[in-house]
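Novice: Dropping a structure here in structure tokens format, bear with me for questions.
Readers should treat all values here as calculations from the given coordinates under stated rules, not as data from a laboratory. Here the structure is a predicted model, which means the values were calculated and not measured. Reconstructed Cβ throughout: ideal geometry from the backbone, glycine too, with neighbour counts over all protein chains shown.
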Amino acid sequence: MSKVTEDQVKKIAKLARISLANDNLLDLSENISNIVTWVESLNEIDTDNVEPMMAIENDLAMRADDIADDNISDDILANAPLSKLNFFAVPKFVE
């Protein structure tokens, strides 16, 4: 891949909703270019004779499904700044 340009860094920042100072763009474009170059170098590794690895256990531990009525909603709502009808109350933000 070619060098990452400052315009591409601006576009990435806009998509990520990150505000960047213009004096950082050159450094960021160089850093991102170095990262992309390093990642591309991984494609050059010969993995033809490497067996795929799996770290997933075939037997999953099961636990008893015990039903418990802890009824701790009052304790939880005690930390809320505002609650109504046993729910968290928040300001309206959608019209």
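Novice: Amide H to amide H, which residues 5 or more places from Val4 or on other chains are under 5 Å from it, using H placed in the peptide plane?
Specialist: Ser33
Novice: If you don't mind, another one. Show the residues, 5+ positions off or on another chain, whose built amide H is closer than 5 Å to the amide H of Ser83.
Specialist: Counting only residues 5 or more places away or on other chains, the set is Ala89.
Novice: Taking 0.36 nm per residue of separation and subtracting the Cα-Cα distance, what length does fully extending Asp74 through Ile18 add? Don't skip to the answer; put the middle values down first.
Specialist: On the way: separation 56, 0.36 × 56 = 20.16 nm, distance 3.91 nm.
Additional length available on full extension: 16.3 nm.
Novice: Could you list the residues of the range 17-39 with an amide nitrogen less than 16 Å from a label point located 7 Å from the Cα of Asp7 in the Cα-to-C-beta direction?
Specialist: From the range 17-39, the list is 26, 29.
Novice: Treating cross-link reach as a plain straight distance, find the lysines whose alpha-carbon is under 16 Å from the alpha-carbon of Lys84, omitting any fewer than eight places away in the same chain.
Specialist: Lys92
Novice: Can you run phi through the Karplus equation (6.51, -1.76, 1.60; θ = phi - 60°) for the range 62-67 and list ³J(HN,Hα) in whole Hz, with x for Gly and Pro?
Specialist: Ordered by residue, 3J(HN,Hα) equals 9, 10, 5, 8, 8, 8 Hz.
Novice: Where Lys and Arg each count +1 and Asp and Glu each count -1, what net charge lies around Ser33 among other residues with Cβ under 12 Å from its Cβ?
Specialist: Numbers: positive: Lys3; negative: Glu6, Asp27, Glu30, Glu40.
Summing Lys and Arg as +1 and Asp and Glu as -1 gives -3.
Novice: Just to compare against my own numbers: the Cα pair-distance distribution for the chain, 10 Å bins, whole % per bin, please.
Specialist: Once binned at 10 Å, the Cα pair distances of the chain give 11, 17, 13, 18, 25, 17, 0.
Novice: Mind checking the angle between helix 25-41 and the chain's longest principal axis? C-alpha axes, 0 to 90 degrees, to the nearest 10.
Specialist: The two axes meet at around 80 degrees.
Novice: With an 8 Å Cα cut-off and a minimum separation of 6 or more residues, compute the relative contact order for the chain in percent.
Specialist: Across the chain, relative contact order equals 19 percent.
Novice: Using only Cα atoms, tell me the angle between helix 6-15 and the longest principal axis of the chain; keep it within 0 to 90° and round to the nearest 10.
Specialist: Tilt of helix 6-15: around 10 degrees.
Novice: May I pose another question? Which of the lysines could a cross-linker span from Lys11 if the Cα-Cα distance has to be under 19 Å and same-chain partners fewer than 8 positions apart are dropped?
Specialist: Here the lysines satisfying the reach criterion relative to Lys11 are Lys3.
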